[in-house]
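Everything on this sheet refers to the single structure shown next.
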Ligand SMILES: NC(=O)c1ccc[n+]([C@@H]2O[C@H](COP(=O)([O-])OP(=O)(O)OC[C@H]3O[C@@H](n4cnc5c(N)ncnc54)[C@H](OP(=O)(O)O)[C@@H]3O)[C@@H](O)[C@H]2O)c1
């Protein structure tokens, strides 16, 4: 059966590249965006479906679930790709706590909310998958990083959300993945990877990786440390 896949925040960058790759493999893909018109335009470029979804707005998430339910009655793969990076060059000691709150509200609370509301649709899939697009910036291994503290903290929290979801949803394959540093609006023009390269592991997790690969942090199709 053709998998039904939702990628949040997919009108550009890694999400858009993943949508393109998945559509070329025959998947039924929904491109999500806060901006309905942007979603329509991006989806039209690929010949896929569009969905207005702001992951910080419960009413918008409810409407998005209704749309996919009415059209397909199930969801096979939820890709939680949406994120914000507000504090690129800010030091921790100068960080406005409000910026941390806003970042956590999108990158972590929004991701949880979307997953909670889509869980019933995922439970109607015979092999449901959730992919949380995280970042090496959230890794606890290695040397401490003095870069984008709110964003890094949010990705560490997202990784714990992945572990919590793995325990809470025993029939669902849930993983975090890191796309590597990619040339997108968020990653900037100096990044070494293309969005297509960044999307490779995401696409692999969505349609190829074994379903018993669960509760892991994955980069370049291999498990990495938390
Ligand atoms: N680029 C990198 O080097 C890199 C490295 C590691 C991890 N990542 C991760 O990869 C993912 C994609 O990043 P990217 O580089 O492709 O960034 P990007 O081009 O900035 O895309 C981020 C997307 O998030 C969406 N978004 C933001 N707030 C949202 C909200 N409240 N509701 C719904 N969507 C929202 C935006 O969609 P709309 O504005 O259309 O709503 C946008 O399309 C992110 O999770 C990022 O943290 C990126």
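Read the figures in this text as sums done on the coordinates, not as results from a lab. Note that the coordinates shown come from a computational prediction; the quantities given were computed from them, not determined experimentally. Glycine also receives a Cβ, built like all others from the backbone with ideal geometry; neighbour counts cover every protein chain displayed.
Data table
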{"quantity": "Residue exposure sequence - 31, 224, 61 - by fewest surrounding Cβ within 10 Å", "calculated": "224, 61, 31"}
{"quantity": "Gyration tensor verdict on the chain (Cα atoms; rounded if a/c is under 1.5, prolate if a/b is larger than b/c, oblate otherwise)", "calculated": "rounded"}
{"quantity": "Burial ordering of 190, 171, fewest other beta-carbon atoms within 10 Å first", "calculated": "190, 171"}
{"quantity": "Within segment 4-224, percent of DSSP bridges classed antiparallel, to nearest 5", "calculated": "10"}
{"quantity": "Potential extension, residue 63-residue 221 segment - 0.36 nm per residue separation minus Cα distance", "calculated": "53.5 nm"}
{"quantity": "Computed FRET value (nearest 0.05) for residue 41 with residue 167, which takes r as the C-beta separation and R₀ as 35 Å", "calculated": "0.35"}
{"quantity": "Relative contact order (%) - the chain, alpha-carbon pairs under 8 angstrom, separation at least six", "calculated": "19"}
{"quantity": "Separation of the residue 189 and residue 89 label points, Cα + 7 Å toward Cβ, nm", "calculated": "1.5"}
{"quantity": "Residues 177, 186, 1 arranged by fewest to most Cβ contacts within 10 Å", "calculated": "1, 186, 177"}
{"quantity": "At q = 0.11, 0.12 Å⁻¹, base-10 log of I(q)/I(0) for segment 94-226 (Debye sum, equal scatterers on each alpha carbon)", "calculated": "-0.40, -0.48"}
{"quantity": "Segment 107-173 and segment 35-97: distance between their alpha carbon centers, rounded to Å", "calculated": "15"}
{"quantity": "Relative contact order of segment 31-109, defined on C-alpha pairs under 8 angstrom at six or more residues apart (%)", "calculated": "21"}
{"quantity": "Listed residues 199, 39, 63, most fluctuating in the chain (Gaussian network, C-alpha, under 10 Å)", "calculated": "63"}
